[in-house]
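K.L.:
First, the structure itself, so that you have it in front of you.
The values are calculated or read from the model by the stated rules, or taken from the named source; none is laboratory data. Because the structure is a prediction, the values reported are computed rather than measured. Heads up, the Cβs are rebuilt from the backbone with ideal geometry, glycines too, and the neighbour counts pull from every protein chain shown.
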Amino acid sequence: MKKGILLCIGFMSMSLTYAQDITDALRYAKDDVQGTARYRALSGAFGALGGDMSAITINPAGSSVFNDSHLSISLSNQNNKTDTRYFNGKNNDSESNVDLNQIGAAFIFNNGNANSNWKKFTLGVTYNKIEDYNTDWFAQGTNNNNSIGDYFLKNADGLRLDRISRFEGESYGEAYSDIGFTYGDQNQQAFLGYESYILEPDANTDDNTFYTSNIAEGEYNQEYTYAATGYNGKFTINASTQYGEQLYLGLNLNTHFINYERSTYLFEANDNAGSLINEVGFQNNLKTIGSGISLQLGGIFKVTDQFRVGLSYDTPTWYTIEDETSQSIRTSSYDGIALEDGGIFYNANINPRVLNVYEQYHLKTPGKLTGSLAYIFGTRGLLSFDYSVKDYSNTKFKPESDIDFAYQNNIINDRLTTAATYKIGGEYKIKQFSLRGGYRLEESPYKDEETVGDLTGYSLGLGYNFGKLKLDVTFDQWQRETNYQLYQVGLTDAANLDSKNANVTMSVSFNL
């Protein structure tokens, strides 16, 4: 267990444990095809091409392919559509937003010594969005297997009653904060279940460790709302050089930025015989900020004037991350028996108003190796292919000596695997116009290939060359199915998400 900090209105305390799991690790280990319109039009198949500011993020040698200093900026309109299935319920949600996803410049310094094989040196600076986390979806259905009560039961299992309940005269916020300080997150979950009347102790004694649920077996009508915002961005300082007429070499130093917020709300209702609790509303909020560093090395070799090969390596990214969480719960009953006739009415609305601020932790995401081929048809067009491989099982929470992190790392190692990405793109020029298209396939990072499925995507683009100024527009779309598990214990049923992401990107670039 690790110590963190809990901020409460009026006082500060300490907490034990962390809140992250395999889902959080994978979120920050993935990267999407973001960047300039030309880059997206070829589905990111730029490892052996270069000559594009976003191509630098795949192979840092690509900046020396520029003949002149270069500047580009890109805006994208993103539309997310999610079709959700949860037991007998089906829903669909969509949202769109406009964002700046790329800006960068490369500056060329030609070698004035005609006798030197070192032809030029390039310095570049660029920003690219790696992932966009803006997602909203809603799931509903009738669950005959598990109730939210099972979540609280699993957390309370084996815990003493005096370690999950309030002292006399103690407020919800004080008790929630003190329990977190002394015993940790699991006890806080059990506290919410007990104080909201979901958990019934076998005996009302301090040393009681056995509980039952006041939600009876039967059917549970459940609604789950998921709303997330944020991004993962990368700021790159690039240096590259051209040696002779055939070889380009480059290096990137990357700094990464994470800003992620998520809010989930579960509403459950039942009219099962014997249920003392008939409605539950459970709110969970998470805010994550983080920063990281990584390096990239790459080279491009012109086998002939038409045929190029590229090779690049992305080191792991080393993140430092901070999490904040908050929770609330409300419950009520409607057993239909009037109080004067002996009915018992349970009603609770518990909002501790406590912000759990956890101690910094570290995450190492896996490295990536990319091989690339490209064929240039003179001034008429090109074909390009990229193959990347990444072993997601190498994702690690650190320090690995921590018992909680060791547990999560074992789960990651058992469930995640090596995944390949295939990208192919082409471009055909008609005078000042360029017609472009691409396709990509990303294999599932999960061994079962069901928790997260394969991603498939395509792209179409158009460019116009005004001379020193170029204007590019691209439409790209990808689709992936995911089985999203609602909670890690108890209510472990999953909502099936069929996600489609469509983007329209416009870029303006200049030769300086």
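K.L.:
On the basis of being within 24 Å of the chain's Cα centre (by Cα), part of a strand (DSSP E or B) and in contact (Cβ under 8 Å) with a residue 12 or more places away in the chain, does Ser74 make the cut? Please lay out each step first, then the result.
P.N.:
Values: within 24 Å of the chain's Cα centre (by Cα): yes; part of a strand (DSSP E or B): yes; in contact (Cβ under 8 Å) with a residue 12 or more places away in the chain: yes.
Spelling it out, Ser74 is indeed within 24 Å of the chain's Cα centre (by Cα), part of a strand (DSSP E or B) and in contact (Cβ under 8 Å) with a residue 12 or more places away in the chain.
K.L.:
Hey, another quick one. Looking for whichever is at pLDDT below 95 and among the charged types (D, E, K, R) here; the options are Lys429, Lys468. Which one fits?
P.N.:
Working: Lys429 fails: at pLDDT below 95.
One residue alone meets the criteria, Lys468.
K.L.:
Turning to a different aspect of this structure: Can you name the residue in region 221-257 that is of a type in the set (S, T, N, Q) and farther than 23 Å from Gly35 by Cα and, of all such residues, is nearest to the chain's Cα centre (by Cα)? Let's see the steps before the verdict.
P.N.:
To start, the set of residues in region 221-257 that are of a type in the set (S, T, N, Q) comprises 221-222, 225, 229, 232, 236, 238, 240-242, 246, 252, 254-255.
Filter again for farther than 23 Å from Gly35 by Cα, leaving 221-222, 225, 242, 246.
Numbers: Asn221: 29, Gln222: 25, Thr225: 17, Gln242: 36, Gln246: 39 Å.
Per the criteria, the residue is Thr225.
K.L.:
Then there is this: In region 34-63, what residues are of a type in the set (Ser, Thr, Tyr) and closer than 18 Å to Tyr127 by Cα?
P.N.:
Thr36, Tyr39, Ser54, Thr57, Ser63
K.L.:
Considering Ser165, Ser177, which residue is under 34 Å from the mean Cα position of the chain (by Cα), over 26 Å from Gln485 (Cβ atoms) and crowded, with 18+ Cβ neighbours inside 10 Å?
P.N.:
Ser177
K.L.:
Checking Phe282 against (1) surrounded by fewer than 17 Cβ atoms within 10 Å (Cβ to Cβ); (2) in contact with a Leu (Cβ under 6 Å, 6 or more places away or on another chain); (3) in contact (Cβ under 8 Å) with a residue 60 or more places away in the chain, which single condition isn't satisfied?
P.N.:
Single failed check for Phe282: (1).
K.L.:
Ok, one more. With Arg436, Arg480 as the choices, which residue is of a type outside the set (S, T, N, Q) and touching a helix residue (DSSP H, G or I) at 6+ places or on another chain (Cβ under 7 Å)?
P.N.:
Arg436
K.L.:
For region 345-376, name all the residues that are more than 30 Å from Tyr334 (Cβ to Cβ) and either of a type in the set (A, V, I, L, M) or free of Cβ contacts under 8 Å to residues at least 24 places away in the same chain (or both).
P.N.:
Just the residues of region 345-376 that are more than 30 Å from Tyr334 (Cβ to Cβ), to begin with: 355-376.
Those that are more than 30 Å from Tyr334 (Cβ to Cβ) and either of a type in the set (A, V, I, L, M) or free of Cβ contacts under 8 Å to residues at least 24 places away in the same chain (or both): Leu355, Val357, Leu363, Leu369, Leu373, Ala374, Ile376.
K.L.:
Go through region 43-75 and count every residue that is polar (S, T, N, Q), touching a strand residue (DSSP E or B) at 6+ places or on another chain (Cβ under 6 Å) and surrounded by fewer than 24 Cβ atoms within 10 Å (Cβ to Cβ).
P.N.:
Final tally of qualifying residues: 1.
K.L.:
If I ask for residues that are touching a residue at least 24 places away in the same chain (Cβ under 8 Å), farther than 19 Å from Lys30 by Cα and surrounded by fewer than 17 Cβ atoms within 10 Å (Cβ to Cβ), which ones from region 415-432 would you list?
P.N.:
Tyr428, Gln432
K.L.:
Listed residues Leu369, Leu382; which is in a strand (DSSP E or B) and surrounded by fewer than 20 Cβ atoms within 10 Å (Cβ to Cβ)?
P.N.:
Exactly one of Leu369, Leu382 is in a strand (DSSP E or B) and surrounded by fewer than 20 Cβ atoms within 10 Å (Cβ to Cβ), namely Leu369.
K.L.:
Follow-up question, since we're still on this one. In the set Phe152, Phe121, Phe210, which member is within 30 Å of Asn259 (Cα to Cα) and among the hydrophobic types (A, V, I, L, M, F, W, C)?
P.N.:
Checking each option against the conditions leaves just Phe152.
K.L.:
Could we say that Thr492 is hydroxyl-bearing (Ser, Thr, Tyr), surrounded by fewer than 15 Cβ atoms within 10 Å (Cβ to Cβ) and in a strand (DSSP E or B) here?
P.N.:
The answer is no for Thr492.
K.L.:
Return the total of residues in region 149-187 being touching a Ser or Thr at 6+ places or on another chain (Cβ under 8 Å), part of a helix (DSSP H, G or I), under 22 Å from Val489 (Cβ atoms) and not hydrophobic (A, V, I, L, M, F, W, C).
P.N.:
So the count comes out to 6.
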